[in-house]
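Enquirer: Okay, here's the structure, questions in a sec.
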């Protein structure tokens, strides 16, 4: 019987049911699986063994270090670039605005496979587009995917290409919501364009900046696609990320208990980072 | 991004999808057994299945090309579901067999029940230990064997003034490689040094297997840091330092090297006898096959690179009929050779090698009986390789060590000791002593 009082519950019921089946159950099941080892009939309870093993596993620390390195290098570069792009797109002097915006946003719509194939062609050592272009500048061919250092750079390039446009669009929306009156008033007061940027644009964008920093940090901590399609984590694990290591343990070695333990470790790290960033930047808006 | 939630959702779906399999049919009429295999081996098996049905009208055989690698996951899922939906007869590779018998006790039938142990000496030496479980049970019969070999470019050797008959050890091969490089610019062997796109350990594993060694010993202890492992890696390092080990990483690199005559040797097993002519028809007459050089003077030149098997599902209601078919297909020379001719699967049955096709001169190989190299190798006798249930992990860790040695100049002993410790830690296995 639907009454006035229970109708809100009826309305949220489908969403709640979906959440319970597709989110809550897997999350709880993973917690249980992380305390077991083996598969199928041979599954047995081992307590915290998987977590002890995790702390002593050099490859887990390698993957953590790699992910952290990419995070520290890539996120600032990407966000700065996105901000510059957004400022350009927002400029009143730009013609064909819709085309530019589409172009900037397009990479984030590209599918994983197409994107992987495209970058293998661009980054190929012998016949790649990038090495061909660098050749004109007199640069020797770079082994983008085979050298430990350049493979990391290749991941950073691919990531930046993929997600800069997405962040630029978020910034663009933020820029457009800044009241014009603020700029007009400051111009009357004699502020130059640089002064206007630092004293009006940046403070007004602050909540948006915080949002993109948190989103990008979480996204990079869960980084999987780029190393999976480009390097497979190699060479010698220099591009092995936490999510990729999780995948290898689960679906290559069928060590589901250990994979679930890695998943919970990653969740803790992500939650910790998110809280820290919100605390540090003091954003509450 | 695929995250842990996506992965778990997949994991939780596995048992559900596994329930929709075949139901045991009614007793009336002929018994139907299903065989899971992959192409092109399936073609050979299907051909002899018709003969089998004629001789045994009460049994119908349905050969299904499930596909490789799809079959491994399907078998895993079926076993996790207690055998529901599995084929009655399963085609399994040596690298997966120990995983199934150890992780799913009872998942495969112990064929001693049907007297399989009487075929113990019928197959190429080194194969029988690989079908035995830890409990001594017989969990498969060998179907295919791939003895190690090397294919070499006769013209490049000649140009460099190297007689292949004098290359009997890998030390001599390295000296020959230097001469070939100088005279023709061709590398001796190619390896994907950074393991871009996946591990490339076949050459290294062959060097291990020639010494009767592998990543694990027969007791399942880790031997990746042992003397044999270091000796094999040192050979690779010496080739690398001499500039005769090509890096074949990257799109199309390998193809280009072979097309342009820049690779003098392909260290490939028996299946390549039919593959090379398909890959490079225009290089007809240039290639020859020989046994791999030995690790040390007078040492073993034979090795079994890999092998595949037919097993019977432990939960099949028709285990007896399934085994009757397996025994029919794999233990009779004329039947197994028919499979070989139709499906290109090199037979594991020793009695099969007396057939004239194994001595027939092959035009592609300049009139050399290329297959004979491999039957000779098996006659010499290879050692058994225990792949264990942790092969995938061992392969990855060994591959990382190889990359360290070949691209960063790491010391083989140091890199492998570290790799062995990591493997032991991750798989909870003991390090073999010595």
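Readers should treat all values here as calculations from the given coordinates under stated rules, not as data from a laboratory. In this text the structure is predicted, and so the values were computed from the model without any measurement. Counting neighbours? That spans all protein chains shown, and the Cβs are built from the backbone with ideal geometry, glycine included.
Enquirer: With the calculation restricted to Cα positions, what are the radius of gyration and Dmax of the range B:174-222 in angstrom?
Expert: Cα only, the range B:174-222: 15.1, 47 Å (Rg, Dmax).
Enquirer: Ok, one more. Given points 7 Å out from each Cα along the Cα-Cβ axis, report the residue A:93 to residue A:278 separation in nanometres with one decimal.
Expert: Here the modelled spin labels are 4.1 nm apart.
Enquirer: Same structure again: Need one value for B:193-202: mean number of C-beta atoms belonging to other chains within 10 Å of its residues' C-beta atoms.
Expert: Working: counts 3, 11, 7, 12, 6, 2, 2, 0, 0, 0.
That average works out to 4.
Enquirer: What 222 nm value per residue comes from the helices of chain A, counting each DSSP H run with n ≥ 4 as -39,500 (n - 2.57) and dividing by all residues, nearest 500 deg cm²/dmol? All intermediate terms of the calculation are to be shown ahead of the outcome.
Expert: Numbers: 14 runs with 191 residues, N = 285.
Rounded to the nearest 500, it is -21500 deg cm²/dmol.
Enquirer: By counting other Cβ atoms within 10 Å of each Cβ, how are A:52, A:7, A:104, B:61 ranked from fewest to most? If you can, show how the numbers build up before the last one.
Expert: Details: A:52 12, A:7 9, A:104 21, B:61 26.
Least crowded to most crowded, the residues run A:7, A:52, A:104, B:61.
Enquirer: With the crude spin-label approximation of a point 7 Å out along Cα→Cβ, what separation in nm comes out for residue A:137 versus residue A:55?
Expert: Each label point is offset 7 Å from its Cα along the Cβ direction, giving 4.7 nm.
Enquirer: For the protein assembly as shown, what proportion of DSSP beta bridges, expressed in % and rounded to the nearest 5, is antiparallel?
Expert: Expressed as a percentage, antiparallel bridges in the protein assembly as shown total about 60.
Enquirer: Please compute the volume of the convex hull spanned by the alpha-carbon atoms of the protein assembly as shown and report it per residue in Å³.
Expert: Values: hull volume 159.5 nm³, N = 719.
Output value, Cα hull per residue: 222 Å³.
Enquirer: Going by average Cβ density within 10 Å per residue, which order do the peptides B:216-222, B:320-326 take, highest to lowest?
Expert: Ranked from most to least packed, the peptides come out as B:320-326, B:216-222.
Enquirer: Give the shape of the range A:13-281 as rounded, prolate or oblate, defined through the alpha-carbon gyration tensor: a ≥ b ≥ c are the square roots of its eigenvalues, a/c under 1.5 means rounded, and otherwise the shape is prolate if a/b is larger than b/c and oblate if not. All intermediate terms of the calculation are to be shown ahead of the outcome.
Expert: Details: a/c = 2.34, a/b = 1.45, b/c = 1.61.
It is oblate, given that a/c is not under 1.5 and a/b is not larger than b/c.
Enquirer: I've got another one for you. According to the Cα gyration tensor, what semi-axes, each the square root of 5 times an eigenvalue, does the equivalent ellipsoid of the range B:40-155 have, listed from largest to smallest in whole Å? Could the numbers behind the result be given before it?
Expert: On the way: eigenvalues 117, 85, 65 Å².
In descending order the semi-axes read 24, 21, 18 Å.
Enquirer: Please give the length that would be gained between residue B:56 and residue B:414 if that part of the chain were fully extended, namely 0.36 nm times their separation in residues minus their C-alpha to C-alpha distance (nm, one decimal). Could the numbers behind the result be given before it?
Expert: Numbers: separation 358, 0.36 × 358 = 128.88 nm, distance 5.91 nm.
Here the segment from residue B:56 to residue B:414 would lengthen by 123.0 nm.
Enquirer: Rounded to the nearest 5, what is the percent of antiparallel bridges among the DSSP beta bridges in chain B?
Expert: On the way: 23 of 38 bridges.
So the antiparallel bridges in chain B amount to around 60 percent.
Enquirer: How many nm is it between the label spots at residue A:32 and residue B:217, if each spot is 7 Å from the Cα in line with the beta carbon?
Expert: Going by the 7 Å Cα→Cβ label model, 4.1 nm.
Enquirer: Next question, about the same structure. Could the peptides B:295-303, B:385-393 be put in order, highest first, of the mean number of other beta-carbon atoms found within 10 Å of their residues?
Expert: On the way: B:295-303: 17.1, B:385-393: 21.4.
Averaged packing, sorted descending, gives the order B:385-393, B:295-303.
Enquirer: Between residue A:4 and residue A:69, what is 0.36 nm times their sequence separation minus the Cα-Cα distance? Round to one decimal in nm. All intermediate terms of the calculation are to be shown ahead of the outcome.
Expert: Numbers: separation 65, 0.36 × 65 = 23.40 nm, distance 5.48 nm.
Working it through step by step, the gained length comes to 17.9 nm.
Enquirer: A further question follows. Give the separation of the Cα centroids, the range A:47-113 to the range B:90-129, in Å.
Expert: 49
Enquirer: Pairing the Cα long axis of helix B:70-80 with the longest principal axis of chain B, what angle in degrees results, from 0 to 90 and rounded to the nearest 10?
Expert: Once rounded, the angle reads 50 degrees.
Enquirer: Sticking with this one: The range B:268-321: D in µm²/s via Stokes-Einstein (Kirkwood Rh, Cα pairs, 25 °C, 0.890 mPa s)?
Expert: Values: Rh = 15.3 Å.
Calculated translational D: 161 µm²/s.
Enquirer: Let me ask something else. With each run of n ≥ 4 DSSP H residues scored as -39500 (n - 2.57), what mean residue ellipticity at 222 nm is computed for chain B after dividing by its residue count and rounding to the nearest 500 deg cm²/dmol?
Expert: Working: 16 runs with 176 residues, N = 434.
Taken over chain B, the calculation gives -12500 deg cm²/dmol.
Enquirer: Most exposed first by the Cβ proxy, i.e. fewest other Cβ within 10 Å, how do B:227, B:155, B:163 rank? Walk me through the numbers on the way to the answer.
Expert: Details: B:227 12, B:155 18, B:163 9.
In order of increasing Cβ crowding within 10 Å: B:163, B:227, B:155.
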